[in-house]
1. With more than 26 Å from residue A:186 (Cβ to Cβ), away from every other protein chain (no Cβ under 14 Å), more than 20 Å from the chain's Cα centre (by Cα) and more than 16 Å from ligand 1 (Cβ to nearest atom) as the only criterion, which of B:123, B:141 stands out?
2. If you scan the range B:38-73, which residues turn out to be within 13 Å of residue B:84 (Cβ to Cβ) and away from ligand 4 (no atom under 11 Å from the Cβ)?
3. Taking residue B:44 as meeting all but one of (1) closer than 18 Å to residue B:112 by Cα; (2) within 18 Å of the chain's Cα centre (by Cα); (3) surrounded by fewer than 23 Cβ atoms within 10 Å (Cβ to Cβ), write down the number of the exception.
4. For the structure I just gave you, tell me whether residue A:96 is free of Cβ contacts under 8 Å to residues at least 24 places away in the same chain and within 16 Å of ligand 1 (Cβ to nearest atom).
5. Would you confirm whether or not the range B:180-194 contains a residue that is within 12 Å of the chain's Cα centre (by Cα) and crowded, with 22+ Cβ neighbours inside 10 Å?
6. Being in a helix (DSSP H, G or I) and more than 10 Å from ligand 3 (Cβ to nearest atom) is the filter here; which residues of the range B:90-118 pass it?
7. Does any residue in the range B:122-141 that is at negative phi come within less than 7 Å, Cβ to Cβ, of a residue that is not in a helix (DSSP H, G or I) six or more places away or on a different chain, and which pairs are these?
8. Could you grab the pairs with beta carbons closer than 6 Å, sequence gap of 6+ or different chains, first residue in the range A:155-166 and within 7 Å of chain B (Cβ to nearest Cβ), second one within 16 Å of ligand 4 (Cβ to nearest atom) and part of a helix (DSSP H, G or I)?
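Read the figures in this text as sums done on the coordinates, not as results from a lab. Note that the coordinates shown come from a computational prediction; the quantities given were computed from them, not determined experimentally. Glycine gets a Cβ as well: all are built from the backbone with ideal geometry, and neighbour counts include every protein chain shown.
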Ligand code: HEM
Ligand code: HEM
Ligand code: HEM
Ligand code: HEM
Ligand SMILES: O=C1O[C@H]([C@@H](O)CO)C(O)=C1O
């Protein structure tokens, strides 16, 4: 049963879907705008989802999908996770800037609490992973005793990133419904719900691929 | 490191918190009411969280926490999961009734899609678990080959129940903020966010207790 191919397919579908959502449904993205601040917001879901969900998933599976030496697999793993971390930091910056420019409070929602924890712990996980397994690298026994925790915490953060994305999709949809921008059963609302369900399926398959 | 005790403590804290929320912040619960339909709604989070999160977690750990014979552990596991299933069905019925009586659409949110999937698959998991491992019970090899899937799918549903509860807390908080019933940084909003974070921690510890 070709779980790696399916994961890649669903990951690409999710990445495509969030871009389609931002561009087709929400009118595009921008890093700064005087007329439509929402274009700045739109960058956030795209970078978060592609970074902390899609690239994170590919990075986790790299040890099983990348051919060649262990060193190469490791390099792909750490490089993809670095890219994921970078995108998540830029995605955080864009939503923060949007809140500042529209004078919306920071960190008042459960989504934002989950999200900030996610980003902080992801960055810490990257730094300790790099320090332990790449440079300077711990002793053989130090590495061996840290690895189970690296794996457990890495999978925890992956699942947390999916739960955070799902909560972000939900709250955005509800904000737009409350503001009468979209209807409860509008194509866009159904599209966002479906993307949320897709993320849950993708997450289950990535975990399955790791544990089997 | 006493992870089972900590899980029980956090589970009890979460159960207490959702009851405090319903009673203290939301004015109580009722199975029917002419004057305040929201009292009917309030039953939903309480039963869902106590059933599919707290009891589900205790049931999953029963093989490791209940002393005595394997048969007894199994009986506690299946009985607690039955209770969890029952509470979830009643909790579904109450929110459905609330929507009917207030003429709110059904199943338009991502929370409701996740939640309905959760309840359906939980009931299927219970039925196939009972049929395979209790009565009439499959062959030894049938049981052995189904068990890893029972465990994987059981843990998946547990995590899904937590993600669904988190999304429910988030949307309820945002509904109330949009309706100006509570403020963004009100005690109640902070209480709900904290409960959501507590559920994430509880979930991580239950999974940790199972895999170690
Ligand atoms: C793992 C992925 C994600 C992370 C780590 C994350 C993180 C965050 C953080 C930290 C904030 C707070 C910004 C502030 O207070 O100034 C925020 C806000 C927001 N995010 Fe996300 N986000 C993620 C995915 C998404 C997705 C997929 C959506 C979908 C549309 C989304 C929608 C929102 C919205 C609407 C806000 C503004 C309201 C609020 O503060 O909750 N997020 N996000
Ligand atoms: C936030 C970033 C990171 C996350 C979320 C993460 C997550 C994971 C996960 C889930 C696994 C288990 C994969 C499997 O068993 O198939 C893993 C394995 C591993 N990771 Fe990371 N990782 C991160 C960063 C790093 C970095 C920077 C390094 C440095 C080289 C690293 C080194 C390793 C190693 C050596 C393994 C074990 C591979 C093996 O022998 O099976 N990780 N990581
Ligand atoms: C695993 C736990 C949960 C499950 C399976 C679940 C399931 C559901 C389902 C199926 C609905 C749709 C009812 C309808 O369409 O008529 C619903 C609605 C709702 N639930 Fe939950 N729920 C859970 C936990 C929670 C929690 C903890 C809260 C916190 C307050 C909550 C808040 C809501 C709200 C506000 C609605 C009405 C809006 C909507 O349809 O999304 N739920 N829930
Ligand atoms: C929706 C309901 C259920 C869920 C979510 C569920 C979940 C789980 C989980 C997560 C485990 C792994 C526990 C561990 O490894 O420590 C497990 C083990 C098991 N469950 Fe269930 N279960 C359910 C219903 C049932 C029912 C009704 C039976 C019937 C007897 C059953 C029989 C078993 C057995 C025999 C084991 C293996 C215990 C062992 O030998 O380690 N389960 N279940
Ligand atoms: O009924 C059971 O099935 C499994 C196992 O025997 C299958 O190999 C188990 O632990 C039981 O109690």
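1. Answer to the selection: B:141.
2. B:47, B:48, B:49, B:50, B:53, B:54, B:58
3. Checking residue B:44 against (1) closer than 18 Å to residue B:112 by Cα; (2) within 18 Å of the chain's Cα centre (by Cα); (3) surrounded by fewer than 23 Cβ atoms within 10 Å (Cβ to Cβ), the one that fails is (3).
4. yes
5. No; the residues of the range B:180-194 include none that is within 12 Å of the chain's Cα centre (by Cα) and crowded, with 22+ Cβ neighbours inside 10 Å.
6. Across the range B:90-118, the qualifying residues are B:90, B:101.
7. Sorted first by the residue in the range B:122-141, then by its partner, the pairs are B:132/B:138.
8. Pairs found: A:156/B:204; A:163/B:163.
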